[in-house]
Ligand code: MF3
Ligand code: CO
């Protein structure tokens, strides 16, 4: 487990801002009639404009190489979907937009699931609960806490709300490579697991299915599908563990301060949690 020094933290902040900008601009584009291929192409163009590289394109898993700039997962696609021309977004769909970029040798990773036009109340609730669970997890990413404190924050909320947390994929450390130690599962007990230290860079990324947590792989070898064939949601931020407050580096434009961002988010999402920071 690597703790980042001053200079490395600066680079994490810089790449985090870029990753957030790409994600924000792509989410703005999501509309009925767009193909996922067009969104991915736009992702490649925005990355070029910002002078950053995709950390997804060329990513290796065994003998497979991920082909696109971003991961775009529609409806029951959970993660690692590939944008294609034939996939035209329809009113009522949901799209997970997962953006990982590399800049000055460091990686920032963030994801959001957005509605395409209007979605049903139950689908809207799925997105909301998943986003809430991200914040309920990451507010525990504090120096000397344990990984299980994050995991249980995520899991308890998802379980209380009657959705299914996915256990096949986990969050992760991040830095010069996309996936570093420690793993950050979205399930587990508070007070257990590796201890968090200030300066650790991690990605917290709850993935939530509507009914049951089962996953199967699509024929393309990358896309994970929800076995229940119902919509699935995924939200992710990259953050630096610190003493008083986690520092979210993938803040959307307009934010320089994670505490302000978190307070606003918790209020907007109707979450009543006492923050010590
Ligand atoms: N946010 C995803 C993850 O952490 C990004 C994967 S990139 C891919 O797993 F190339 F593996 F798809
Ligand atoms: Co990730």
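Only the coordinates and a few stated rules stand behind these numbers; no lab work does. Computed from a predicted structure; not experimentally measured. Here Cβ is always computed from backbone atoms with ideal geometry, including for glycine, and neighbour counts include all displayed protein chains.
Which of the residues spanning segment 33-70 are surrounded by fewer than 17 Cβ atoms within 10 Å (Cβ to Cβ) and closer than 20 Å to residue 234 by Cα? Once the filter is applied, which keeps residues that are surrounded by fewer than 17 Cβ atoms within 10 Å (Cβ to Cβ) and closer than 20 Å to residue 234 by Cα, segment 33-70 yields only 35.
Per the conditions (1) in contact with a helix residue (DSSP H, G or I) (Cβ under 6 Å, 6 or more places away or on another chain); (2) under 16 Å from residue 133 (Cα atoms), the sole criterion not satisfied by residue 245 is (2). Where strands (runs of 3 or more DSSP E) sit wholly within segment 172-260, those with at least 1 residues that are closer than 19 Å to residue 95 by Cα and away from ligand 2 (no atom under 16 Å from the Cβ) occupy 207-209, 215-217, 224-226. For segment 177-201, residues that are within 11 Å of ligand 1 (Cβ to nearest atom) and surrounded by 21 or more Cβ atoms within 10 Å (Cβ to Cβ) total 1. Scanning segment 207-221 for residues being within 16 Å of ligand 1 (Cβ to nearest atom) and surrounded by 20 or more Cβ atoms within 10 Å (Cβ to Cβ) gives a total of 2. Residues of segment 99-115 that are crowded, with 23+ Cβ neighbours inside 10 Å and closer than 20 Å to residue 223 by Cα: 99, 100, 101, 109, 110, 111, 112, 113.
When the test is whether a residue is surrounded by fewer than 24 Cβ atoms within 10 Å (Cβ to Cβ), more than 17 Å from residue 230 (Cβ to Cβ), touching a helix residue (DSSP H, G or I) at 6+ places or on another chain (Cβ under 9 Å) and touching a residue at least 60 places away in the same chain (Cβ under 8 Å), residue 131 passes it. Among the conditions (1) under 15 Å from the mean Cα position of the chain (by Cα); (2) surrounded by fewer than 21 Cβ atoms within 10 Å (Cβ to Cβ); (3) more than 19 Å from residue 204 (Cβ to Cβ), residue 118 misses just one, which is (1). A single entry from 204, 174, 158, 154 fulfils the requirement of being surrounded by 23 or more Cβ atoms within 10 Å (Cβ to Cβ), over 18 Å from residue 77 (Cβ atoms), within 17 Å of the chain's Cα centre (by Cα) and more than 16 Å from ligand 1 (Cβ to nearest atom): 158.
Please determine, by comparing only the residues of segment 105-122 that are assigned to a loop (DSSP other than H, G, I, E, B) and either touching a strand residue (DSSP E or B) at 6+ places or on another chain (Cβ under 9 Å) or at positive phi (or both), which one is nearest to ligand 1 (Cβ to nearest atom). Here the answer is 105. For segment 87-96, does any single residue satisfy the condition of being within 13 Å of ligand 2 (Cβ to nearest atom) and surrounded by 24 or more Cβ atoms within 10 Å (Cβ to Cβ)? Yes.
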